[in-house]
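Q: The structure under discussion is supplied below as structure tokens; questions concerning it will follow.
The values are calculated or read from the model by the stated rules, or taken from the named source; none is laboratory data. All values reported here derive from a predicted model rather than from experimental measurement. Cβ placement follows ideal geometry from the backbone for every residue including glycine, while neighbour counts extend to all protein chains displayed. Side chains included, ligands, DNA and RNA excluded: accessible areas come from the protein's heavy atoms. Shrake-Rupley method; radii C 1.70, N 1.55, O 1.52, S 1.80 Å.
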Amino acid sequence: MRYPDGGGLTAKQRARREQVRFEAAELFAQGVRPPQVARRLRVSRKSAYAWHANWRDRGMDALRSRGPSGRPSRMKPQWRAWLAAELGKGLAAHGWVEDQRWTLARVATVIARRFHVRFSAAQTCRILHQMGWTVQVPARRAAERDEDAVTTWVKETWPLVEKTVRDQDAWLCFADESGQLLRPPRARTWSRRGHTPLVTVRAAGSGRISLAGLVCRRPGRRTRLIFRMLVHHGRKGEKKGFREKDFARLLDAVHQQLGGSIVLLWDNYTHHIDAAMRELIEARRWLTVFRFPSYAPDLNPAEGVWSHLKRSLGNLAPCSIDELAALARTRLKRMQYQPGLLDGFIAETGLISAPP
């Protein structure tokens, strides 16, 4: 493939291709024919025959790389470091405040403002790939998040949590809640170009499932996932979510299944910190509770469980809330038998490394 800003291969790729041609020359010298060379080196027959003709007529020098083809790139190497630094400053630093998307046109504009060279979208795309940039879907983060508070929690509170777990020889449990409506999350799928696929969902009716779960870890033991589910059909007087006594019953069930003391980590949800919940916690001597800093879901591996669950429900078209509940329960039970996956959710937080 040719690129208008100079050459289709990097210097490393050209060196690798030159090495392949030299290996072909050694085989030619041993009397190996081009078809056999093509099979051994996994290249096309056309290339093997061309290399053989050049080697026969002009020797090894004919197979040496002649450098990049086409014109030299106008994007100087020193410009790339400057561009990476400027893109890292964010869009607001360059006058775009309406959204937070780096597009090829905007990147080309940043380059043109500084160096007075305008690159096309294709050239800009190639430059970004050479710099190690790719198209990605950004993760969301609450504007209210206090990064200093999160850093302080990791440095000060987390070591205290680990010490408590060691001193009590306890299970470390990460708790969280989630929910899912009848309308499923959207996920990517294949379709013919120009024809947007449609997923038929029920617009009428109501209902939701509420989930509460704990990812439980203890050195030398298999990582556990324990969850409870409430199904709300939209009927009058039906419980809509977990309350303090529901959390207490879940914690009692976890204690009965795991045995021993439990060190619990969860967020500052209202039903976790009110007077009723504090009273229930104090009545359980085997339970020690710590709380995450505000707006820090990335520190909780239970968030990874819900994210994995919802990805598996993408583009689902359930007929009823009970069918959705059955599918969610099946997916969660499947995760219970995958401790390696649960360990991955824990390692993703950066608090605990994955076991070897």
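Q: Is it true that some residue in the stretch 298-307 is under 25 Å from the mean Cα position of the chain (by Cα) and assigned to a loop (DSSP other than H, G, I, E, B)? It would help to see each step written out before you state the result.
A: Pass one, the stretch 298-307, residues under 25 Å from the mean Cα position of the chain (by Cα): 298-307.
Then keep just the ones that are assigned to a loop (DSSP other than H, G, I, E, B); that gives 300.
There is at least one residue in the stretch 298-307 that is under 25 Å from the mean Cα position of the chain (by Cα) and assigned to a loop (DSSP other than H, G, I, E, B).
Q: May I pose another question? Output the residue which, of all residues in the stretch 154-190 that are of a type in the set (Gly, Ala, Ser) and outside any strand (DSSP E or B), is nearest to Phe242 (Cα to Cα).
A: To start, the set of residues in the stretch 154-190 that are of a type in the set (Gly, Ala, Ser) comprises 170, 175, 178-179, 187.
Right, trim to outside any strand (DSSP E or B) and you get 170, 187.
Values: Ala170: 25, Ala187: 28 Å.
Checked the stretch 154-190; the qualifying residue nearest to Phe242 (Cα to Cα) is Ala170.
The rows are residues; the columns are (1) more than 30 Å from the chain's Cα centre (by Cα); (2) closer than 30 Å to Pro293 by Cα.
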| residue | (1), (2) |
| --- | --- |
| Lys76 | yes, no |
| Ala81 | no, no |
| Gly88 | no, yes |
| Arg140 | no, yes |
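Okay, residues lined up against (1) more than 25 Å from Arg14 (Cβ to Cβ); (2) open to solvent by 80 Å² or more (accessible area, probe 1.4 Å); (3) among the aromatic types (Phe, Trp, Tyr); (4) out of contact with any Phe, Trp or Tyr (no Cβ under 8 Å at 6 or more places or on another chain):
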residue: Arg56; (1), (2), (3), (4): no, yes, no, no
residue: Leu87; (1), (2), (3), (4): yes, no, no, no
residue: Arg106; (1), (2), (3), (4): yes, no, no, no
residue: Val137; (1), (2), (3), (4): yes, yes, no, yes
residue: Ala142; (1), (2), (3), (4): yes, no, no, no
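Q: Would you kindly identify the helices (runs of 4 or more DSSP H) lying entirely within the stretch 240-296 that contain at least 2 residues that are under 20 Å from Gln336 (Cα atoms) and in contact (Cβ under 8 Å) with a residue 24 or more places away in the chain? Steps first, please.
A: Working: elements: 244-258, 270-273, 275-282.
Once the helices (runs of 4 or more DSSP H) in the stretch 240-296 are filtered for at least 2 residues that are under 20 Å from Gln336 (Cα atoms) and in contact (Cβ under 8 Å) with a residue 24 or more places away in the chain, what remains is 244-258.
Q: Quick test for you: out of Leu214, Leu230, pick the one residue that is at pLDDT 95 or above, touching a helix residue (DSSP H, G or I) at 6+ places or on another chain (Cβ under 8 Å) and assigned to a strand (DSSP E or B). Spell out the reasoning first.
A: On the way: Leu230 fails: at pLDDT 95 or above.
On inspection, the qualifying residue turns out to be Leu214.
Q: Please verify whether the stretch 272-285 includes one or more residues that are under 16 Å from Phe242 (Cβ atoms), surrounded by 15 or more Cβ atoms within 10 Å (Cβ to Cβ) and in contact with a helix residue (DSSP H, G or I) (Cβ under 6 Å, 6 or more places away or on another chain).
A: Scanning the stretch 272-285 turns up at least one residue that is under 16 Å from Phe242 (Cβ atoms), surrounded by 15 or more Cβ atoms within 10 Å (Cβ to Cβ) and in contact with a helix residue (DSSP H, G or I) (Cβ under 6 Å, 6 or more places away or on another chain).
Q: Could you list, in sequence order, the residues of the stretch 24-63 that are in contact with a helix residue (DSSP H, G or I) (Cβ under 6 Å, 6 or more places away or on another chain) and among the polar types (S, T, N, Q)?
A: Across the stretch 24-63, the qualifying residue is only Asn54.
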